[in-house]
Amino acid sequence: MDWYMMNCELLATCSALGYLEGEVYHREPDCLESVKDLIRYLRHEDETRDIRQQLGAAQILQNDLLPILVQYPQDKVLFDAVIRLMVNLTQPALLCFGKVPSDATSRHHFLQVLSYLQAYKEAFASEKVFGVLSEKLYDLLQLDWEQRQDEDMLLIERILLLVRNVLHIPPDPTEEQGVDGDASVHDRVLWALHMSGMDDLLKFLASAQVEQQWALHVLEIISLMFRDQSAEELAALGQGQAAAEHGEDIQELETLRQRELAEKRARALQRPSRHSRFGGSYVLQGLKAIGDRDVIFHKGLHNLKSYSHDMGKETRRVPRRRQAAPETETPRRSARNVRLFLRCFCQDFLESCYNRLMLLVKDQLVREKAQQHDETYYLWATAFFMAFNRRRGFRPELVSETVSVRAFHFIEQNLTTYYEMALMDKKEAATWARRMHLALKAYQELLRTVQEMDRSPEQAVRDSSQVIKSNIFYLMEYRELFLTLFRKFDETKQPRSFLRDLVETAHLFLRMLERFCQGRSSLVVQSKRVRKKKKKPRAPAAIAPQPPSTAELEELWAGLVPQLQACLQGEVPLPEDVVPFDAASETPVEEQRTEALLQIQGCLRGARAPQALRLLRSARDIWPEGDVFGTPDTGPPEEMQLLREILFAPLPGHAPPKTEELEEDEEEEEEEEEETVQVSEKEFNFLDYLKRFACAPVVRALVVLLRGYARNSPHTNHCAARLLHRLARDLHMEALLFQLSLFTLFHRLLNDPAAGAYQELVALAKFILGKFFALAATNKKAFVELLFWKSPLAIREMTEGYGSLQDGEGAGRSRVPPWTPQQEQELRELYWKYKEVEGEDIIATILAHLPAPGRTRRQVVKQLVRLGLASSAKDFPRERKGTRIVLWTPEQEEELTRLFEEFQGSEDVLGNIMRHLTARRSRARVVEKLLGLGLVSERKELYKKRRRKGHVPVPGAAGTPALPAQDSSAEDSDGEEEDEDGDEAEEGPMDEHWTPEEGAGQGLAHRLHQEGLAGPLQWLENCLRRTAEDRQVDGVSHPVPLVPLSEENEDAMEDRRFWALLRQLGLRPPSNEQESFWRIPAAITPQQLRRMATSIAHHHHSPPGSPQGPLEPPRCPQDPAPAEQLPARLGSGSDSESEEPVPVPNPARPGTKRQREFDSEDEDDGSLAPSSLPPPSGMELAPAAPRSWEDEDKDEDLQPRGRRKRVRRLEEEEEEEG
């Protein structure tokens, strides 16, 4: 598409802006609307950014927007709209496209937008434009905070964003090819910014107390201003350093001149005085050609030195993924007047703004108020301004905000984060590497500043430096940082500039650490060690002892009776140190009640009658509700009977073990490794730390850096040479540098005509080569060793003799005993013997028949693969838990059918089937099989049937035996695959249309009336009667909310005791977050509402015979089947041996589903109730007593969150069906 052919609507809009006549711009009447239309068009452009490209091709910004901005600044609305449009047009191309496109078409659009942005930047290099922006910004900043409107704040931000966008535009390399010192477009923009006074406004925004919200904007603009600058060069400018700078240039030119003269001299020597077309042919003896003959050379002898077998071959192309990472920044020297202005800006910024601005930015970064990756501006500012301060007279007070241990920690933390992200995010590894480079430069400048503080004449500054160094050198993270970066250096992702800074920083850190250690006799540092432990397989659960028989208990009781009688008569004193309840314990109160029963039973079975009687009486005082431990007026005979019943009761602590679970625990478990970090302190040894650098990755990185020794600065070459010198001389590991790539570098260096400028590298090369040839005289294999990177152990073998390492030394010597030929033969025989056996794990069988030494499964599998008996370890998959029972055999299907027919009429069909199945299956698999066999048509048929309270015989009544509670969930412990279906099977269908029985809530209403809630009770009674009348007149029932209008009624509706009364009356709490009030359900008839109101009104007058104790609220039909409660006495009082012991049910009975749904909304109001934790699987606890409102509060959070969600889902499904 030809972008110069604009869309007709867009062309008409641009034409309506106005026209430029000479230096005067004449706007049209519809100028403001046209600008707004352009903003609207940009909002709806496509992925190719067509609107943006058409506006750029038409030069709308240069010819229309900037003249409007300059000539009509007094029109506030138009000025604001033009600023908005220019901010949109100048936003970075990378922000428009998200990333640099990879396909050719999108990349073309990307480059086109970038070219238009570069044209915009050149248009902004005008003092008039920045003068208007500066004046407008100055006027806005003059307003006090009380006078500023939201539009003013937005305009300030847009002006700053516009300046940021213009400075962010990258230079055009094809247009800006001038030498250093020429004024580039960026320089001209900076000069216009300076002449307009914008730089002073930026310093004001950075230092003003009331303008701290613009801190990150200001820091970003400043970082873009100094994008091409070097802090060292700016600091040296105008300080009498011009001569030194000139001297460096002269030295560089002299080096180039010497190299050129040497090359000319070599060519003159090679070229004969008379040219001959017939140079002759020569045989190079000792240099073999492709065959066995010597090479025949057909050129002149002067070309012989440059001969190689690669002559005439095409240069091998390096794949893009293996190409070295390009440099992200090209150093350039700006015009002198621009550098002088930037130097003055740096001085003023350090003296008045730096500490405050960096504090604000750091605070916003820590509090995560900034945008993503804004910390890179903080890292750049730290490195740049601290370097400027260090080279410009070094005043530590100017950078005190970023010279601290906290600054080191912040930078190290970000550096580690970038390093980890570069390893994980492979596609954006280059981007993370650039961020890592910024953090590394900031870290390097911090170290240089601390080093400069050591040289300060002030003692306080030197003491501060010692404190910082002691903290840095003590922590292991700072010492290991450089080793990690060296080992993970990748030249395809990280540029050479990163490696240069890494080598210089590591050299500086080692020198500072060495000097710090020299002044001390010993240095203690922190050490962290990661230990890997293998988790031991779970030991099989200990088999619980069998409970005593009835005859044994009768014999034991006969012996306890005299002791108890003596205690009851006061002849034997009761102990005072026996307490059944611990208020400080984390165990819930209800579980402590169960434990109290177990303690009493244990004392009785241990023949400790006084302790048992004391525990019984203490527990009765703590848990009076439910009469589990007797009533307050219990006499000695009743206490004797209670103790007998507790003795004979099969409490959960003595439940028989589940053999199936034991068998499951005995299955083979895979050993897992567990990492633990152990932190300790040790005495630091510098040479031991330096040995950590004696590895191939460090040497390889140094060789990569030294390949460009001619382009490196003298300081960079010195740092690299010093590191190699430390490894070779200080550690006596010269052989570590015996590597062919390094020797090739030495060869090129020694033959360089300008080698005189690299004396340190030349000396190192001669030293290493001398050591190598001395070793090669005794070890002829040293020439082969040149081909490999070496470790310290390989160096030891190379210098001391191969095979000199003792057993157990070196990483190659593992602790695994080697396989002897006899063992390998035996392994082959076992493999072929048991290979065809079906249904068995061949590796487990081989391990069982292998003799000592003991082998692991992994060792056997590896050896089988090594012997060629298997292709890989995948041929021997480990049998996983639960895979043996996958298919149903015909016998198992018949057994399931028989059990279903047997328990079809029971209350808990699925629970009974699960208890009687021979093969262990999960509840979910059993339900699926029952559906597959057609025995049930839907899951609801397997739900546990819930009995209404009216149909349940009163436990303990005459002729009614106390039955144990059926809880199939306690039997189900199959694990992971039955969670969802198992819970659904337990819940059962929901019944929304339930009503309380007559007289519900009478006792509770009477107590509330006595406690001063007569007014709310009267209000509730009126609401019930009014609702009954409305339903009777209208003939239609709808849920009616209870809306309290008075303060007294509002307080009552927030009282949990009043909630208990509402629950007893059958009123419904708010079911979700959209409801706020309790409701009278639609299912309650007018007659029932009148009876409820009458029961409340009746108890306003405290009738005689009203219950004094807490009454149990009526249960809904959807409640779980109530656990059978023990009466005041745990049995019928009969001493007959045929009487079966009465089980003690679970006290932590979940509330109704209505309660659970309501309780889920109040979970955030407090911590988990004491009774919220369910008992262990298979345990039966003490009976649940009638609960007061306090108990109901404790039961609020009984159900887990997942089950409440399923309850609510079932209710919604049933409402939809209804």
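The values are calculated or read from the model by the stated rules, or taken from the named source; none is laboratory data. Remember, predicted model here, so these are calculated numbers, not experimental data. Heads up, the Cβs are rebuilt from the backbone with ideal geometry, glycines too, and the neighbour counts pull from every protein chain shown. Accessible surface areas use protein heavy atoms only, side chains included; no ligands, DNA or RNA. Shrake-Rupley method; radii C 1.70, N 1.55, O 1.52, S 1.80 Å.
What to note about this one:
- For the stretch 158-184, filtered to residues that are of a type in the set (Val, Ile, Thr) and at pLDDT below 90, the residue that is nearest to Val82 (Cα to Cα) is Thr174.
- Residues (aromatic (Phe, Trp, Tyr) and part of a helix (DSSP H, G or I)) located in the stretch 476-513: Tyr478, Phe482, Phe486, Phe498, Phe509
- Qualifying residue in the stretch 721-735 (condition: closer than 30 Å to Glu260 by Cα, among the charged types (D, E, K, R), open to solvent by 40 Å² or more (accessible area, probe 1.4 Å) and without any contact (Cβ under 8 Å) to a residue 12 or more places away in the chain): no
- Selected residue (criterion: farthest from Thr820 (Cα to Cα)) from residues of the stretch 838-867 that are outside any helix (DSSP H, G or I), open to solvent by less than 60 Å² (accessible area, probe 1.4 Å) and modelled with pLDDT under 85: Asp841
- Tally, over the stretch 618-644, of residues that are over 19 Å from Phe581 (Cα atoms), in contact (Cβ under 8 Å) with a residue 60 or more places away in the chain and surrounded by fewer than 15 Cβ atoms within 10 Å (Cβ to Cβ): 1
- Looking across Arg316, Arg321, Arg356, one residue alone is under 47 Å from the mean Cα position of the chain (by Cα), open to solvent by 70 Å² or more (accessible area, probe 1.4 Å) and farther than 30 Å from Pro171 by Cβ. It is Arg316.
- Of residues in the stretch 546-571 being more than 22 Å from Ser618 (Cα to Cα) and acidic (Asp, Glu), the one most open to solvent (accessible area, probe 1.4 Å): Glu555
- Note on the stretch 390-407: residues that are part of a helix (DSSP H, G or I), in contact (Cβ under 8 Å) with a residue 40 or more places away in the chain and farther than 21 Å from Leu216 by Cα total 4.
- Qualifying residues in the stretch 1031-1062 (those that are of a type in the set (S, T, N, Q) and open to solvent by less than 70 Å² (accessible area, probe 1.4 Å)) - the one farthest from Gln1018 (Cα to Cα): Ser1037
- Selection count, the stretch 434-465, where residues are over 21 Å from His507 (Cβ atoms) and more than 21 Å from the chain's Cα centre (by Cα): 10
- Failed criterion for Ser456 (all others in (1) of a type outside the set (A, V, I, L, M); (2) open to solvent by less than 20 Å² (accessible area, probe 1.4 Å); (3) within 17 Å of Gly519 (Cα to Cα) hold): (3)
- When each of Arg520, Arg479, Arg511, Arg500 is tested for being modelled with pLDDT of 75 or more, under 19 Å from Leu687 (Cα atoms) and open to solvent by 80 Å² or more (accessible area, probe 1.4 Å), the lone residue that passes is Arg520.
- Any hit, the stretch 234-256, residues being open to solvent by 50 Å² or more (accessible area, probe 1.4 Å), at pLDDT 80 or above and either among the hydrophobic types (A, V, I, L, M, F, W, C) or within 50 Å of the chain's Cα centre (by Cα) (or both): no
- Cross-chain or 6+ apart pairs with Cβ under 7 Å, the stretch 209-224 first and free of Cβ contacts under 8 Å to residues at least 60 places away in the same chain, then assigned to a helix (DSSP H, G or I): Trp214/Leu160; Trp214/Leu205
- Among all residues of the stretch 112-119, there is none that is modelled with pLDDT of 90 or more, of a type in the set (S, T, N, Q) and not in a helix (DSSP H, G or I).
- Test: residue in the stretch 572-582 that is more than 30 Å from Arg462 (Cα to Cα), acidic (Asp, Glu), at pLDDT below 75 and open to solvent by less than 90 Å² (accessible area, probe 1.4 Å): yes
- Matching residues in the stretch 70-111 - criterion: being in a helix (DSSP H, G or I) and among the β-branched types (Val, Ile, Thr): Val70, Val77, Val82, Ile83, Val87, Thr105
- Contact map, the stretch 6-31: residues that are on the phi > 0 side of the Ramachandran plot and outside any loop (DSSP other than H, G, I, E, B) paired with residues that are surrounded by 13 or more Cβ atoms within 10 Å (Cβ to Cβ) and β-branched (Val, Ile, Thr), Cβ distance under 9 Å, separation 6+ or inter-chain. Pairs shown: Gly18/Ile68.
- Residues considered: Asp172, Asp199. Of these, the only one that is open to solvent by less than 50 Å² (accessible area, probe 1.4 Å) and assigned to a loop (DSSP other than H, G, I, E, B) is Asp172.
- Being outside any helix (DSSP H, G or I), at pLDDT below 90 and aliphatic (A, V, I, L, M) is true of Ala544.
- Candidate set: the stretch 359-374, residues that are of a type in the set (Asp, Glu) and open to solvent by 30 Å² or more (accessible area, probe 1.4 Å); chosen: the one farthest from Val210 (Cα to Cα): Glu368
- The lone criterion from (1) closer than 25 Å to Ser196 by Cβ; (2) hydrophobic (A, V, I, L, M, F, W, C); (3) in contact with a Leu (Cβ under 8 Å, 6 or more places away or on another chain); (4) surrounded by fewer than 16 Cβ atoms within 10 Å (Cβ to Cβ) left unmet by Val24 is number (3).
- Residues considered: Leu137, Leu155, Leu143, Leu133. Of these, the only one that is open to solvent by 40 Å² or more (accessible area, probe 1.4 Å), within 21 Å of Ala81 (Cβ to Cβ) and either touching a strand residue (DSSP E or B) at 6+ places or on another chain (Cβ under 7 Å) or not charged (D, E, K, R) (or both) is Leu143.
- Only residues that are at pLDDT 75 or above and assigned to a loop (DSSP other than H, G, I, E, B) were counted across the stretch 282-304, and they come to 6.
- A count restricted to the stretch 736-768 and to residues that are open to solvent by less than 30 Å² (accessible area, probe 1.4 Å) and of a type outside the set (Phe, Trp, Tyr) stands at 14.
- Of all residues in the stretch 996-1012 being open to solvent by less than 50 Å² (accessible area, probe 1.4 Å) and either more than 13 Å from Arg1057 (Cα to Cα) or polar (S, T, N, Q) (or both), the one that is modelled with the highest pLDDT: Ala1000
- Residues that are of a type in the set (Asp, Glu) and assigned to a helix (DSSP H, G or I) were ranked within the stretch 222-233; the one that is most open to solvent (accessible area, probe 1.4 Å) is Glu233.
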